[in-house]
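Colleague: Starting off with a structure, shown below.
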């Protein structure tokens, strides 16, 4: 019943590429048009990102689960949703897809294919932000996918829409997107040197939420009829 | 079938904490970036709060009902949805969760963990606003949860999105969030001295709507298949 | 099965009152905060109105159909959805509810209970706008309620969100709301002298769309399980 | 079961007309009110367009599939969803409907019925943008309509909301809308000379996505109960 691995990996590639296109592209457009008002630029960036997540999870969810995020893939592998070997393929496709997405966004706005970002994003407040943001993201995914999986796309889109505004880091909450954002020296960028800290904080948040929901909702909905993150029972 | 009380109370804690993170955090971010335009700051605050409610109710609804609001818990106890002893646990978890959420938001923006708000919110127009806002919130919850409970998350998110703009008080409509907002001297704050009036007006609105809907929709949908606020028949 | 007429009329009263609270209240708030930028004020007004419609139709739809609009009630009576005598009660409740909503909005912002609007809204472009806006609204309602009634709340909310921006009149599209808006001399107001023209254009648009959809979708979904506008088969 | 061709063609006419009314009208309104801030004008344009798509696909989807886009009709004909002769009728209705929509929008804002746009939209970045935008649109449609067709309206509305901001061209992604936009010398316009390049890039994107999803999701959901783009099995 589950699509073949090449199909799923391809879905992760395109899903992550389009997510990064939305994040980076709308950042460029927002900054260009906002006349110096950062709230307006971030509002455009937020709406585009949240809406893209809704569309992409609805589109690719039934094929690959639409993780489009190595932290989600890690958590899903922890819970037995996919094998660790498959998780490695997923993560590679996500990172490569993210990079291609950043390049495509740059090209669509007549910029150089790749330009390393100079935007500093560091310090304890930002790392705590990424921990909280990814903890929340995985909480939303586990809460919804176990008990009302048809709503995951809307829940995740809504969550990230909120999270852009409630964290100083604007909630990257996604290692593949974090790496990809370092490849565009524009509004949504991040200095390559700040990437590892963000990724570690994200993984910590994802793992913490996964342990919490193991206790909160013990039995995954293995028989749900509309499953974005399909699961076998954990032995 | 219903999750254990510790699980439900934990869900209320995290749900309320994240709601307050969204309310307070997006207020800080909005004000910082909006360049003095209060409409833009409130727009960011509104979108983040409404979206967070959608995500949180979808996530925690199947576990605890996702009240994240002592006024909702009170109304639900009035209607027999949960025992009064359970309601007390819920309310404590909501108030403590809200406080932790305010602290987390302050920390994510490099502010002191707690700072009492100096923002005055008082007078008959604001109290009437809170009465109307909470009357409307409970109307939405009772109307939807009895007859189309799968839509509660979207209805509540949409309602609060609207209510932020149609009341002079910006519709707190939630005693736990009201208390928590007094702990951050930022955009969304409220002076501790103004909290009791807000809470009383909110409770009055919640009780009034509950009586109205007892008459409007006499039989709660005890057999609904996707129930955010599950109920036993009232004797 | 259908709730009693007093319950349905009460639902129309509160539904229309809250709709007008959202329209008028968010107009006042938007104008106060927007610092003279009319686009920002209208954006706030739009988001609040669209979101309120989603919440109100989900809440009151299962009770009374959530017409909250005499033009919808007229069209529904034309199609046999409710008796003409019931339609008269509906329309009265909507007009009175709208007036109470305007008064409540004024009070929540510390304004006088009622103040007649001085805002001119007239001329052929505005009347044509109201015709098109109401034609579109009834098209959305008939298209959705006959074939996928569970989505009506979202479709109507989305439609009005769009229509605020694609008409010079900002799409009142509702005789009860038009009358109520004349009772608040604020952002969303309309001069009493301009009300009759708006109402006639709205009725013409509603009737035209009803005739079009009689041909486009001949058989109403009388057996739909989640019906916002329930219908008996037309003989 | 499928409505007659005249009914479906009429639905495509009105659907495309209202889509263009929303695109062109909200562009005029946004620019008028935004006080020179292009981000605000585009934000209004975006929200109106995305919301209109949700409403129109929910309304006309069950009648004609709500293609409202010759690129979608082309892709659907490639996959056997409708006959090529029907596709020709669809495309004519869409182009004529789009033109009528542009005229109606002009009239609603007291402008001349038709005025050719002088807005230049050309160059490789814009053409690449249109390719990517339409590739993404058809990906969303194929991914959703084959596996969860009830969500197509929301997915398409969300996708275009995002795409307005992640492309330099603001994602027309629709040949009928592109032609119609050349008929209004306003915010959302395009010079007639730039139309053919846009249309070719859009068709290329639509065809590429259709081939990708033939491989990604081989079996269309011919038995889905809520099908926006109904399909017979491909032999």
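Taken together, the values in this text are just the output of simple stated rules run on the coordinates, not laboratory data. Only a predicted model underlies this, so the values are computations on that prediction, with no experimental measurement involved. All Cβ positions, even for glycine, are placed from backbone atoms using ideal geometry, and neighbour counts span all protein chains on display.
Colleague: Restricting to Cα pairs below 8 Å that are 6+ residues apart, what does the relative contact order work out to for the range B:5-216? Please round to a whole percent.
Modeller: On the way: 360 pairs, mean separation 63.2, N = 212.
With pairs under 8 Å counted, the relative contact order is 30 percent.
Colleague: May I pose another question? What shape does the range A:50-106 take by its C-alpha gyration tensor, where a ≥ b ≥ c are the square roots of the eigenvalues and a/c under 1.5 counts as rounded, a/b above b/c as prolate, and the rest as oblate?
Modeller: Values: a/c = 2.48, a/b = 1.40, b/c = 1.77.
Oblate shape, in that a/c is at least 1.5 and b/c is the bigger or equal ratio.
Colleague: Let me ask something additional. Provide an ascending nm list, one decimal, of label-point separations from residue A:214 to the equivalent residue in each further copy; define each label point as 7 Å from Cα along Cα→Cβ.
Modeller: 4.6, 4.6, 6.5
Colleague: With the label 7 angstrom out along Cα to Cβ, how close does residue D:124 come to the same site in each of the other copies, in nm, nearest first?
Modeller: Those label-point separations list as 5.0, 5.0, 7.0 nm.
Colleague: Enter the angle in degrees (range 0 to 90, nearest 10) between the Cα long axis of helix A:195-216 and the first principal axis of the Cα atoms of chain A, meaning the one along which they spread out most.
Modeller: Relative to chain A, helix A:195-216 is tipped by roughly 30 degrees.
Colleague: Another question about this same structure. Kindly express, to the nearest 10 degrees and within the range 0 to 90, the angle between helix B:152-166's C-alpha long axis and the longest C-alpha principal axis of chain B.
Modeller: Between the helix axis and the principal axis of chain B, the angle is about 40 degrees.
Colleague: Apply the a/c threshold of 1.5 to the C-alpha gyration tensor of the protein assembly as shown and tell me whether it is rounded, prolate or oblate. List each step's numbers first, then the result.
Modeller: Working: a/c = 1.28, a/b = 1.00, b/c = 1.28.
Note, shape of the protein assembly as shown comes out rounded.
Colleague: Got a sec? How would D:120, B:210 order by Cβ neighbour count within 10 Å, fewest to most?
Modeller: Working: D:120 11, B:210 21.
Fewest-to-most ranking of D:120, B:210: D:120, B:210.
Colleague: Measuring label to label, 7 Å along Cα→Cβ, what does residue A:92 give against each other copy in nm, shortest first?
Modeller: With the label placed 7 Å along Cα→Cβ, residue A:92 yields 5.3, 5.3, 7.5 nm.
Colleague: Would you calculate a helix-derived [θ] at 222 nm for the protein assembly as shown, using -39,500 (n - 2.57) for each DSSP H run of n ≥ 4 and dividing by the full residue count, to the nearest 500?
Modeller: -23000 deg cm²/dmol
Colleague: Taking the Cβ of each residue in C:90, B:211 as the centre, tally the other Cβ atoms inside 10 Å and list the residues starting with the fewest.
Modeller: On the way: C:90 30, B:211 12.
The fewest-first ordering by Cβ neighbours comes to B:211, C:90.
Colleague: Just to be sure I understand: with springs between alpha-carbon atoms less than 10 Å apart, which residue in B:189, B:143, B:101 has the highest mean-square fluctuation in the Gaussian network model of chain B?
Modeller: B:143
Colleague: Considering every residue in C:21-34, what mean count of other chain Cβ atoms within 10 Å of its Cβ is obtained?
Modeller: Numbers: counts 7, 7, 2, 1, 8, 6, 2, 3, 9, 5, 1, 3, 8, 6.
Mean shielding count: 5.
Colleague: Return one number: the angle in degrees, 0 to 90 and rounded to the nearest 10, between the long axis of the Cα atoms of helix C:84-108 and the longest principal axis of the Cα atoms of chain C.
Modeller: So the inclination is approximately 30 degrees.
Colleague: Then there's this: Once you sort the root eigenvalues of the Cα gyration tensor of the range C:5-216 as a ≥ b ≥ c, which label holds: rounded (a/c under 1.5), prolate (a/b larger than b/c) or oblate (the other case)? Intermediate values should be presented prior to the final figure.
Modeller: On the way: a/c = 1.57, a/b = 1.37, b/c = 1.14.
The shape class here is prolate.
Colleague: Shielding by partners for D:86-94, please: the mean number of other protein chain Cβ atoms within 10 Å of each residue's Cβ. Let's see the in-between values first.
Modeller: Values: counts 0, 0, 0, 0, 0, 0, 0, 0, 0.
Partner Cβ neighbours, averaged per residue: 0.
Colleague: Return the average number of partner chain Cβ atoms within 10 angstrom of each residue Cβ along peptide B:104-110. Intermediate values should be presented prior to the final figure.
Modeller: Details: counts 5, 5, 1, 6, 15, 5, 7.
Mean shielding count: 6.
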